Amino acid sequence: MSERPPRPAATVVVLRDGPRGPEALLLRRAERGDHNSGAWVFPGGLVDAADHAAAVHAGRFDAAAAATRLRTDAPTALAHWAAAVRECVEECALLFAAPALPVERLQGWRAPLARGERSLAELCAAEGLTLTFGALVYLSHWITPVGRAKRFDTRFFVARAPAGQEPCHDADELVEQRWLRPAEALDAAAGLKLMTPTRRTLEWLRGFDDVESALAWARAQAEVPPILGRVATGSRGERPVAPDEPAWAEIGRLDPAGRGDALYEIRAGHPVRLSQRVIRVTAGNPGAMTGPGTNSYLVGGGPRNTWAVIDPGPDDAGHVEALLAAAPGPIEAILATHTHRDHSPAAQRLRERTGARLLGRLADHAQRQDDSFRPDQPLAGGETLALDGATLQVIHTPGHASNHLCYLLLEERLLFTGDHVMQGSTVVIDPPDGDMAAYLASLRALATLELDWLAPGHGFLIAPPRAAFERLITHRLRREAKVLEALRSLGPAPAEALLARVYDDVPARMHPVALRSLLAHLVKLRAEGAVDERDGRWAAARD
């Protein structure tokens, strides 16, 4: 049976200013035997056919602007605003309209509206009301993940609670209500069941000091892209994963039908079949520099069922055993992207166990390198390696390390990036073996390739590749601009004096590591003639 399209819906995040910041109106759903039962939600529900008729009561509200904002036609956009207003009446007795309607009159409309016996347009006509659609600011667009029994295409609005009105839950679909600050609702001690869109909206609200600031931010959004969650599983059970979470792209590749069996977290030693040709096994070495751990990739599985390992990982006997257990057939080759100590040392143990040949490149400098690495077949970049059922193109990508190589799986347009691209953070460029100018040049060269996926040395699969390269380039150039700005402000100064200003967005505990990349920026700028250095003190070059 084909997947049914999601049904259109609207939700309103109703806010008021409290003594300690904005408070949101949350309603607890009744137990109905579905995954929403008992959840705390914002007022909202499905768009009804009758909601289209309410637009004539919206006064001078700009229908064309509404359509542009929602990226749809004007009647559809206005129906969403109308549904949002109607649901607030039905679920919590708040009415966004003028003039104010006495509460006893409004109460008489709630049940007929909820049963579909009367419409919002009839309410307005009978009571002489003009709907204040302008009070509801478009906030976000959530689409229920594929595979769910019930799917919704929901437009979220945010609004200040109408003056002089008090909410009153309907005691049928909703059995409890609370005004809560976002931090209170998100506190695990509160024990509130929160669905992903509600939780993420509360996390967003936590950044504002008052309601007006939240409304102003929502109005100022250049665009509101749809957020299509993907269901996956992990240590917190099954849950939707949002597009800004690390696992989102990979989940879509591994589970396009929405079965929910892909993982939203990386587990050490757990093999993940990424394709017919690729299996990922992650070492148990998580940390500030390695993220969830170092990824090793098994590649091959053709007619002979033999495999190659890209980046065997740290010198960890348990990880070697996990690789051997995950390999569906013999391991014949071991390839290193570079020889930092979290990527290549396990090559010796793995070669002893398998007899596989070792391929890679030696670094130009010995600092922080795996000095046990001795390739049987040195690689320069430009080679094409024919594996069993897979073809790898070798690309020399200096920058993070002088000997850094990326491997392009031609059959899948998937690039194994080692540490050239990591998920969730930028890489350290540590001179003299690290070279910032070379790193940026390598990124620009990779951005010209036709690629579909990146398989990083740390983290999940990344897509789209070109956007990832462009983000990294932009980030480095912005950091470089901060270096020049700091030098112009401080005058001649040692790198240590620049650190707090250039990396003011990085936790102080990471500053010793950031200092290496700062030096890499300074060395690059000196080579370009933009800065001077004398006796360890750096200054912007004079024009």
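The values are calculated or read from the model by the stated rules, or taken from the named source; none is laboratory data. The structure presented is a predicted model; accordingly, all values stated were derived computationally and were not measured. We place every Cβ from the backbone using ideal geometry, glycine too, and count neighbours over all the protein chains shown. The area values use the complete protein model at the heavy-atom level, side chains included, leaving out ligands, DNA and RNA. Shrake-Rupley method; radii C 1.70, N 1.55, O 1.52, S 1.80 Å.
A few points about this structure:
- Subset of the stretch 232-245 that is in a strand (DSSP E or B) and open to solvent by less than 10 Å² (accessible area, probe 1.4 Å) - its residue that is farthest from Ala257 (Cα to Cα): Val241
Yes/no per residue for (1) in a helix (DSSP H, G or I); (2) among the β-branched types (Val, Ile, Thr); (3) open to solvent by 20 Å² or more (accessible area, probe 1.4 Å):
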{"site": "Thr426", "(1), (2), (3)": "no, yes, yes"}
{"site": "Thr448", "(1), (2), (3)": "no, yes, yes"}
{"site": "Leu451", "(1), (2), (3)": "no, no, yes"}
{"site": "Arg471", "(1), (2), (3)": "yes, no, yes"}
{"site": "His475", "(1), (2), (3)": "yes, no, yes"}
{"site": "Ala481", "(1), (2), (3)": "yes, no, yes"}
{"site": "Arg509", "(1), (2), (3)": "yes, no, yes"}
{"site": "Val513", "(1), (2), (3)": "yes, yes, yes"}
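- When the criteria are applied in full, Asp172 fails the requirement of being part of a strand (DSSP E or B) and more than 30 Å from Asp210 (Cβ to Cβ).
- Contact annotation: residue pairs with Cβ atoms under 6 Å, 6 or more positions apart or on different chains, pairing a residue in the stretch 308-328 that is within 22 Å of Gln393 (Cα to Cα) and in a loop (DSSP other than H, G, I, E, B) with a partner that is open to solvent by less than 10 Å² (accessible area, probe 1.4 Å) and among the polar types (S, T, N, Q), are Asp311/Ser296; Asp311/Thr337; Pro312/Ser296; Gly313/Thr294; Gly313/Ser296.
- Filtering the stretch 515-538 to residues that are surrounded by 15 or more Cβ atoms within 10 Å (Cβ to Cβ) and either part of a loop (DSSP other than H, G, I, E, B) or of a type in the set (Ser, Thr, Tyr) (or both) leaves Ser517, Ala530.
- Screening Ala189 on (1) surrounded by 15 or more Cβ atoms within 10 Å (Cβ to Cβ); (2) free of Cβ contacts under 8 Å to residues at least 40 places away in the same chain; (3) under 18 Å from Gly38 (Cα atoms) shows it passes everything except condition (1).
- Just so you know, in the stretch 363-403 the residues that are among the polar types (S, T, N, Q) and open to solvent by less than 10 Å² (accessible area, probe 1.4 Å) include one that is nearest to the chain's Cα centre (by Cα), and it is Thr397.
- Top-ranked residue of the stretch 64-101 - restricted to ones that are among the β-branched types (Val, Ile, Thr) and over 14 Å from Leu136 (Cβ atoms), ranked as most open to solvent (accessible area, probe 1.4 Å): Thr68
- Hits in the stretch 1-60 - residues which are more than 14 Å from Glu173 (Cα to Cα), polar (S, T, N, Q) and open to solvent by less than 60 Å² (accessible area, probe 1.4 Å): Thr11
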